[in-house]
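Structure record follows, encoded as structure tokens.
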Amino acid sequence: MATFGALDYGIVVLVLIVSAGIGVYYRVTGGKQNTTKEYLLAGRQMSILPVAFSLMTSFMSAVTLLGVSMENYQFGTMFVLINISYVLSTPAAVYLILPVFFRLKTASVYEYLELRFGYASRLCASLAYTIQMTLYMGIVLYAPALALEAVTGLNQNFSVILVGVVCTFYATLGGMKAVLITDIFQSLLMFVSVFSVIIFATIKAGSWGEIWRVANEGGRINFSDFRIDPTVRHTFWTQIIGGISTYLSVYGVNQTQVQRLLSVRNLKASQASLWWNLPILMLLSCSTCFSGLCMYYYYKDCDPLLQGRISSRDQLMPLFVVDTMSDIPGLSGLFVAGIFCASLSTISSAISSLAAVTVEDYIKPLLLWKTKQTLSDSRSTWFSKIFNLIYGAGCIGLAFLAGSLTGVLQAALSIFGIVGGPLLGLFTLGMYCTSVNQKGAITGLLTSLAFCFWICFGQPRPVPISLEFSTEGCPATPPTSYVSDIFTHRLLTAEAAEPHYFYLYRISYMWYATIGFLVTFFMGLVCSWLYAKLGWDSNAHIYTDSACTTIKYDLFVPPIARRLRNRQVPVVVVTGTSSEIGGESSTPSNLEDETPTPQSDTHATDLSKQNLEGNENNEKIPNCSGDMILQNGNKQHVAATS
């Protein structure tokens, strides 16, 4: 059996040293990461291409390299259609969502929610994001441990600790600039890893056409499943609709990605970074999908899992590398280094973003509420570094729990869906709907999160449906028609699931983001209308004055903002008494005394309390509805203003 040599180990160690060295370099040079602008946003001086590569590596982790290749090997090529959704989604992220965040220029995207709704919505969203990324980091860190175990037999626990310590080290020392620069180096190794698989498989097969022919004979080539049944794992509609929701939740409103997009000089550069990310993302995605077909060509007559050589099909790609490339010294090590880099880039990005959210959304408001003092810039940076270390340690701990997963790709996309979908719905309510209030938005978010977690983790649920495998070509193994205990041994075109399973548990994981978005959106609209009618809440946060006559246009996507400016009509709402759940805001102040500065780099002021409290007869409640006010407890008609 092929082995992993000393030179291979040396290359892996060298890559880890280089990654750590970049963090040290940016700690001792330049601004030395002493301010939050330097540490969390790279001084807003980054170039377009480094940010574009970082956007790709933050999303396309080792989960992608190992999981997507396995997906095409085991389930066929339907997954590759998700790239169409990337093309359809990018314009919405570039021209609708990104301009809103860029006007704020804050370290936390959830500060938008405070300006739009109030502090309670900001807190709920940032908590959901923290849970999402912490779980995701555990899966991403677990993936390279699988790879190293498959090719070297090295203990998974040691690999988890090694990778976790290295990425925490350079992210803590070097800040966002170190993360972005390291991402370029690591992304190149990711491409080398995937292309090496394709090149060696093509050499063995003689041509790409031969690989395609064998994959087609094995039932792996399928792009024409247009069934609308949501219980089918992958169809055209799950990949397009589900892919759009997932993409926008990641590249539109996810703190990790938006933080990178805000590290450039201006909006035009930020939009260009997202456009350049698209071909880079698609190239790696399509290449990884084809690598799965390459591995099927090599293992078509002797599946390694059935043979007992690996414990999970997520280990298939690194095993293929050792089986086919070990004759060339160092090449196997270069591949494993690429897998490690894929995880390093994602985890370091997540750690940096979680630190930013923790400081901006939890520490600063808590300190302001307790002491009535703001946190200095140097202290904010110090807190960010401390939380980098804490989240790095937490990531290592969660990676030990990821061993119970049956597939890293499905697990990762499920987590993005059940949290990212509801968060996308919340931001959509804020950016598109003027009448939505905070209590309605939070009700929609919490309802959607509960529903999505239920359908994702509810038991019992059917096992994934797998295509057929063979052991006819395995040495000293009699031919067999094998049905594994983990995967159901049926064709992908067969019935999606046994009818005795609860229907919602049979829904494809690719629909989770869409379901979460829709539940949040419609529940938020309905509850906002209900709370407004009952006088429990209002949308006063969208106004700049206590009389509710001038709208904060920058809180809405450009088309909505232009429409509101052109129409110059009041928004229909019914005024409540306080937009905060549970009463007072954590940072109370009167709106008349505040001057919002969306273009400022400073921390945006808390606009959650609008001085809408009236006396016991409701005499001082301002007219925010345009057609109805409360005075002395009675509703009276008021002419709309122009």
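The values are calculated or read from the model by the stated rules, or taken from the named source; none is laboratory data. Remember, it's a predicted structure, so these values are computed and weren't measured experimentally. Every residue, glycine as well, gets a Cβ built from its backbone with ideal geometry; the counts of neighbours run over all protein chains shown.
Values as computed for the structure displayed
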{"read-out": "Pair list, Cβ under 7 Å, 6 or more apart: the range 78-96 residue closer than 24 Å to Ala215 by Cα, other residue surrounded by 20 or more Cβ atoms within 10 Å (Cβ to Cβ) and of a type in the set (Val, Ile, Thr)", "value": "Met78/Thr235; Phe79/Val68"}
{"read-out": "Every residue from the range 343-381 that is surrounded by 16 or more Cβ atoms within 10 Å (Cβ to Cβ), of a type in the set (A, V, I, L, M, F, W, C) and either in contact (Cβ under 8 Å) with a residue 60 or more places away in the chain or outside any helix (DSSP H, G or I) (or both)", "value": "Leu344, Ile347, Ala350, Ile351, Leu354, Ala355, Ala356, Val357, Val359, Leu368, Leu375"}
{"read-out": "Considering residues of the range 3-42 that are among the hydroxyl-bearing types (Ser, Thr, Tyr) and surrounded by fewer than 21 Cβ atoms within 10 Å (Cβ to Cβ) only, the residue modelled with the lowest pLDDT", "value": "Thr35"}
{"read-out": "Test: residue in the range 399-417 that is without any contact (Cβ under 8 Å) to a residue 12 or more places away in the chain, over 30 Å from Ala532 (Cα atoms) and either in a helix (DSSP H, G or I) or of a type in the set (A, V, I, L, M) (or both)", "value": "yes"}
{"read-out": "Matching residues in the range 539-553 - criterion: being crowded, with 17+ Cβ neighbours inside 10 Å and either over 15 Å from Cys433 (Cα atoms) or in contact with a Cys (Cβ under 9 Å, 6 or more places away or on another chain) (or both)", "value": "Asn539, Ala540, Ile542, Tyr543, Thr544, Cys548"}
{"read-out": "Test: residue in the range 436-444 that is outside any helix (DSSP H, G or I), surrounded by 18 or more Cβ atoms within 10 Å (Cβ to Cβ) and not aromatic (Phe, Trp, Tyr)", "value": "yes"}
{"read-out": "Residue among Val80, Val87, Val68, Val63 that is part of a helix (DSSP H, G or I), closer than 20 Å to Ile198 by Cβ, at pLDDT 85 or above and out of contact with any Ser or Thr (no Cβ under 6 Å at 6 or more places or on another chain)", "value": "Val80"}
{"read-out": "Qualifying positions in the range 517-571 - in contact with a strand residue (DSSP E or B) (Cβ under 8 Å, 6 or more places away or on another chain) and assigned to a helix (DSSP H, G or I)", "value": "Ile542, Leu564"}
{"read-out": "Residues satisfying the stated conditions in the range 129-144, i.e. buried (at least 24 other Cβ atoms within 10 Å of the Cβ) and among the β-branched types (Val, Ile, Thr)", "value": "Ile139, Val140"}
{"read-out": "Count - residues of the range 501-538 that are among the aliphatic types (A, V, I, L, M), buried (at least 24 other Cβ atoms within 10 Å of the Cβ) and farther than 22 Å from Val419 by Cβ", "value": "1"}
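Residues are listed down the side, and each one gets a yes or a no for (1) crowded, with 22+ Cβ neighbours inside 10 Å; (2) in contact with a Leu (Cβ under 9 Å, 6 or more places away or on another chain); (3) among the hydrophobic types (A, V, I, L, M, F, W, C); (4) at positive phi:
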| site | (1), (2), (3), (4) |
| --- | --- |
| Met70 | yes, yes, yes, no |
| Gln74 | yes, yes, no, no |
| Ile82 | yes, no, yes, no |
| Ser89 | yes, yes, no, no |
| Thr106 | yes, yes, no, no |
| Tyr110 | yes, yes, no, no |
| Ser121 | yes, yes, no, no |
| Leu127 | no, no, yes, no |
